[in-house]
Structures are given as structure tokens and as C-alpha cells.
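This report refers to the structure that appears directly beneath it.
The values are calculated or read from the model by the stated rules, or taken from the named source; none is laboratory data. Because the structure is a prediction, the values reported are computed rather than measured. Glycine also receives a Cβ, built like all others from the backbone with ideal geometry; neighbour counts cover every protein chain displayed. Only protein heavy atoms, including side chains, enter the accessible area calculation; ligands, DNA and RNA are left aside. Shrake-Rupley method; radii C 1.70, N 1.55, O 1.52, S 1.80 Å.
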Amino acid sequence: MIFKIVWENVRFRPLRTFLSVLLIAVPVMLILTLVGISTGFIEDSKKRSMGIGADILVKPPGSSLMSFSNTSMPEALIGAFGKEPHVVQATGTVVAPIGGFDSVTGIDPAAFEKMSGGFTFDEGTSFQGRYDILVDSFDAQQRHVRAGGTVHDVLNRDWHVAGIVEPGKLAHLFVQMPVLQELLGYEKHVSQIYLKLDDTRNTHEVIDALKKKYEGYGIWAVADLKTLLSFDNIPLLRNFIRVIIGIGVVIGFAVVSLSMYMAVLQRTREIGILKSLGATKGFVMSLILAEAFCLGLGGALVGIALSFVSRAIMQAVAPASLPDAIVYSWWPIAGGIAMGAALLGALYPGMLAVRQDPIEALAYE
């Protein structure tokens, strides 16, 4: 009975219903899109870090796992780490930010190939000239370049695209390490060092020994990045998502509150008729809350659908810079936020409805 009345109210006011659902859907889409980008970025970073084939990652003192602009480690440390027990190979890289989340990585091609197994080329070849650059297929799609083309926006100079490589190995853009060191003014320094061991079972033993010998350096097992790189372990990202959730609650509350307030005004005479027929305050309140529930549910479903649309747009426009993921576990969270905000927003209009005097309501024009 209640939902039949609600359905008729919704059906005969399609524009108001559509706008209410759409405005509730927008914050749901924003929450899911931001969580998807955050998760996609983290998962992409994990995959690329694992793709180099190393067992241990070393960063300069005071560095965090997510930092990539510090180049304060002497290059000579590569040889020193390579002589440590159980270490069979060491190679360094230089990482330079180029805007947003994008960066370019300088590598020693021979050492990188030995550690990672080398690149798989979709087009072109490896480095030939000094200012050659390798671009993975995601970044090539984003930049609309092919092998033999030119990349213009990296460190304020033009680079010749020597090859397009399959993604998943450390970075999206690669140049030769000495060239990048010279351009940055950090000759003989590296951003991070990767170590390959004779047996992965020795990883934590080697890490403990290295931490004692190289006190203050950031040293992690590459295999542990799966758990270390997570949404909950990045406070800034977690707090940002909480702010967006708060905004979503406020928008949902305001939209439904205004929508239901207008609905109560429009239905003053209807409410008077229901009360004159014996409808209780609880019945009238349940009508208002049921309609708010339907609006919240509709907004949640439309928001989930729109998150797929936003993902498709980002995959087409910026697959390298904005790797988006569909995080199914957040669907009930985002939906619950939308529906909870909708129900909260309906409380005040509902209280106005139950307080109406049936005689005055029947006389309302």
C-alpha cells in the first residue's frame, strides 16, 4: 500500500524525481570514481614495481614508499649493495616528476634488461640515440605517439620515441639514466636501488642486515608492496576520500530535504485526505521516508552506472595518468551513504507532514 502510493507520486512527477535522483547520483559517482582512481593508481604502482623482477627496494634516508623525487643516493652505492651477501644483482634508477602523477625514469638499459628480463616491444627498438625515449602502450595511447615520433612535454625538451613497450615494468616512460642525471643536475646520484637475491627466502634476512648497516635508509621487500601500498596506508588519500564522502552526505541530505519539502507542500491536500480517512502519523511519516528511500536507492544505482561511464572516459583519455578501477566493495558503502543522507533529509519534511491539521489541509488551495 505504502509503496503503491509512493510509486504513483514518483510516476506523476517525473522531472522532480529525475533531478533528485541525478543530484544524489553525482556524489555517489564522485566517491566511486575517486576510490577507483586511488585504487587503480596503487594497483598500477604495485604491478609496475613487481615487474622489474627485484626482491628488495632501497630509497634514500627519510624517503617514503610513495616518494619519487629524491635523488640523494650516491650511485656508488649500487656497487656496494651488489657485494652484500645473497645479492646477485643491483641496479639503480633515477625518477623525475613531470607533472601530476606522471614521471620519467632513467635506467641502465643493460642492468635493467638483466634484472627484469627486458622489454617486450610493440613497436620500434631499444635506445639508439642520446635523447631516445621508450614509452609504454598506455602512455603512447594517451600521448597519441608511435615509434619514430616525438614526445614534447618531458623535461622541457623533445625526445625521439625509439620504441613502444608493453606496460607493467616499473614506469610508463624510460630514458637512459646518465642523460636524465645530467638534465636534472644530479650526476652520479640515483633515486632508488633495486636488489635481486639468490633466493627469495633470504629477503627479510638481507633486509635486517642492510637496515643495521645502512641506518635510516628506506628498505622494503618488493613482495611486501602488495600490502604496504594500500588505500588505508596513505593518510592523505584516506582523508581526502573522507572529505568527498562528507560532501556527498551534505549534497544528498540537501537535495532530498528540498525535494521532500516541496513534495509535502504540493501534497498538503492529499495528506489531509489521508488523515481524515484515519491515517496515523506513523503512516504519513512512512510515506515520506519510503519515497526518500526510493530516491536514495535510485541515486545510488544511477551513481554506480555513471562510475562506469567516468571510467570509460578516463581509460580513453588518460589510461597512464589516471588508471581507474571498479571497486565493488565500495558499492554498498557509497549506496548506503546516499540512502542514509536521503532518509536524514526526509525527516524534517516528514515532521511537517505529520503535524498538519487535517481540516486545514483539506481547505488548502
Next on the checklist: Quick check: from the Cα gyration tensor, does the stretch 140-186 come out rounded (a/c under 1.5), prolate or oblate?
Outcome noted: oblate
Next on the checklist: Placing unit charges on C-beta atoms (Lys and Arg positive, Asp and Glu negative, everything else neutral), compute the dipole magnitude of the stretch 39-154 about its Cα centre in debye, rounded to 20.
Outcome noted: 180
Checklist outcome for this item: In terms of the alpha carbon gyration tensor, root eigenvalues a ≥ b ≥ c, rounded if a/c is under 1.5 and otherwise prolate when a/b exceeds b/c or oblate, the stretch 115-255 is oblate
Checklist entry - Largest first, what is the accessible-area ranking of 242, 143, 157 with a 1.4 Å probe? => result 242, 157, 143
Checklist entry - Separation between the residue 205 and residue 16 pseudo-spin-labels, each 7 Å from Cα along Cα→Cβ, expressed in nm? => result 7.4
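Please list 145-152, 212-219 highest first by mean number of surrounding beta-carbon atoms within 10 Å per residue. Can you show the working numbers first?
Values: 145-152: 15.2, 212-219: 13.6.
Taking the mean over residues of other Cβ atoms within 10 Å, the ranking is 145-152, 212-219.
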Next on the checklist: Checking the table 47/114; 169/213; 83/213; 47/188; 169/212 against a 22 Å threshold on Cα-Cα, which pairs fail?
Outcome noted: 169/213; 47/188; 169/212
Checklist outcome for this item: Expected sort for 54-63, 26-35 on mean C-beta neighbours within 10 Å, highest first, is 26-35, 54-63
Item to check | In sequence order, calculated HN-Hα J values of the stretch 160-170 (Karplus, 6.51, -1.76, 1.60; Hz; x Gly/Pro) | outcome: 7, 7, 6, x, 10, 10, 5, x, x, 10, 6
Checklist outcome for this item: Filtering trypsin sites (Lys or Arg not before Pro) in the stretch 70-139 by DSSP loop and by at most 13 other Cβ atoms within 10 Å leaves 83, 130
